[in-house]
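Reading through the structure tokens given below for one structure.
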Amino acid sequence: QVRLVESGGGLVQAGGSLGLSCVASGRTVSHYAMGWFRQAPGKEREFVAAINWSGSSTTYADSVKGRFTISRDNAKNTVYLQLNSLKPEDTAVYYCVQGISGSAAVRSYSAWGQGTQVTVSS
């Protein structure tokens, strides 16, 4: 059984940057797609970004394209999300996920982390 642990969230001013990390244990990440979702208060969970098992293919939500970057280091069982040019509407709990395909669908991912809070002040 895989365990995903996120870190790196915090409070930042609009226009600032944060780097999130997600370390997987119990199952190697190298055979799986990894991704990030987020959920703001009162809103549904939404797709942010995904990366395939090798790192050769990435997918982003239109709302973060050009500002966020997903990457992975399979040797460290870790996936990263670099958040740049942050906006107040990026405020949410960010969840790391693991699945078979790097799609934008919630149902594609069988493992979820506990989440890390990102708060962007205006």
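In this structure, the amide hydrogen of L86, modeled 1.01 Å from its nitrogen in the peptide plane, lies closer than 5 angstrom to those of G15, G16, counting only residues at least 5 positions away or on a different chain. The label point for T69 and the one for S25, both projected 7 Å from the Cα toward the Cβ, are 2.9 nm apart. Per-atom-type breakdown for the chain gives carbon and sulfur 49% of the accessible area (1.4 Å probe, protein chains only).
Rounded to two decimals, what is the ratio between the C-alpha radius of gyration of the chain and 2.2 N^0.38 Å?
So the chain has a normalised radius of gyration of 0.96.
A cut-off of 5 Å between modelled amide H atoms, ignoring neighbours fewer than 5 places along the same chain, links R27 with R3. Listed values for the range 50-63 are Karplus-derived 3J(HN,Hα) couplings in whole Hz (6.51 cos²θ - 1.76 cosθ + 1.60, θ = phi - 60°), namely 8, 9, 6, 4, 8, x, 7, 9, 10, 9, 10, 5, 4, 5, and x replaces Gly and Pro. Our coupling estimate for the range 106-112, obtained by passing each phi through the Karplus curve with A = 6.51, B = -1.76, C = 1.60 and θ = phi - 60°, is 4, 5, 6, 10, 9, 10, 10 Hz, Gly and Pro reported as x. Normalised per residue, the accessible area of the range 19-122 is 48 Å², obtained with a 1.4 Å probe and no contribution from ligands, DNA or RNA. Taking the range 54-122 as the region of interest, what is the percent of Cα-Cα pairs per 10 angstrom bin, listed from the shortest bin to the one with the maximum distance? Here the calculated profile for the range 54-122 is 17, 51, 29, 3.
The packing ranking of peptides 40-53, 90-103, highest mean first, is 90-103, 40-53, where packing means the average number of other beta carbon atoms within 10 angstrom of each residue.
The values are calculated or read from the model by the stated rules, or taken from the named source; none is laboratory data. This is a predicted model, so every value here is computed, not measured. Here the Cβ is made from the backbone with ideal geometry for all residues, glycine too, and neighbour counts use every protein chain on show. Just the protein is used for accessible areas: all its heavy atoms, side chains included, with ligands, DNA and RNA removed. Shrake-Rupley method; radii C 1.70, N 1.55, O 1.52, S 1.80 Å.
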